Amino acid sequence: MRVSRNTVGSKTARAKDGKIVDHEDDFDIERWTHMAFGGIAKLPFMSGLLAGVTRSLAARQLDRFIEGGG
């Protein structure tokens, strides 16, 4: 298991009727990929690639959650 520490700040959060309707976090995704994936993420071409894959996966998971009634 790889231990990582990533500070996440909330840039924006809006609520309506007691539910969060908009939210944006602020963190260094390249730093996170280095911690999460180790040495391979430090290769020049890998950091951006892993960050893109991570963003894409997160977006798909969020879409599925919303479609399911979130």
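The values are calculated or read from the model by the stated rules, or taken from the named source; none is laboratory data. From a predicted model like this one, the values you see are computed outputs, not experimental measurements. Methodologically, a virtual Cβ is constructed for each residue, glycine included, from the backbone with ideal geometry; neighbour enumeration extends over all protein chains shown. Note: areas computed on protein heavy atoms with side chains; ligands, DNA, RNA excluded. Shrake-Rupley method; radii C 1.70, N 1.55, O 1.52, S 1.80 Å.
Hey, among the residues in the stretch 24-70 that are closer than 21 Å to LYS11 by Cβ and of a type in the set (Lys, Arg), which one's least open to solvent (accessible area, probe 1.4 Å)?
Per the stated criteria, the residue is ARG31.
Has the stretch 47-58 got any residue that is assigned to a loop (DSSP other than H, G, I, E, B) and in contact with a helix residue (DSSP H, G or I) (Cβ under 9 Å, 6 or more places away or on another chain)?
Among the residues of the stretch 47-58, not one is assigned to a loop (DSSP other than H, G, I, E, B) and in contact with a helix residue (DSSP H, G or I) (Cβ under 9 Å, 6 or more places away or on another chain), which makes the answer no.
Residue by residue through the stretch 20-46, note down the ones that are within 13 Å of the chain's Cα centre (by Cα) and not in a helix (DSSP H, G or I).
Scanning the stretch 20-46 gives HIS23, GLU24, ASP25, ASP26, PHE27, ASP28.
Looking at the stretch 31-46, which of its residues are without any contact (Cβ under 8 Å) to a residue 24 or more places away in the chain and out of contact with any helix residue (DSSP H, G or I) (no Cβ under 7 Å at 6 or more places or on another chain)?
Within the stretch 31-46, GLY39, LEU43, PRO44, PHE45 qualify.
Among the residues of the stretch 1-22, what is the count of those that are in contact with a strand residue (DSSP E or B) (Cβ under 8 Å, 6 or more places away or on another chain) and either open to solvent by 90 Å² or more (accessible area, probe 1.4 Å) or farther than 20 Å from ASP63 by Cα (or both)? Lay out the reasoning, then the answer.
The first filter runs over the stretch 1-22 and keeps only residues in contact with a strand residue (DSSP E or B) (Cβ under 8 Å, 6 or more places away or on another chain), leaving 8-15, 20-22.
Adding the requirement that they be either open to solvent by 90 Å² or more (accessible area, probe 1.4 Å) or farther than 20 Å from ASP63 by Cα (or both) leaves 8-11, 14, 20.
So the answer is 6.
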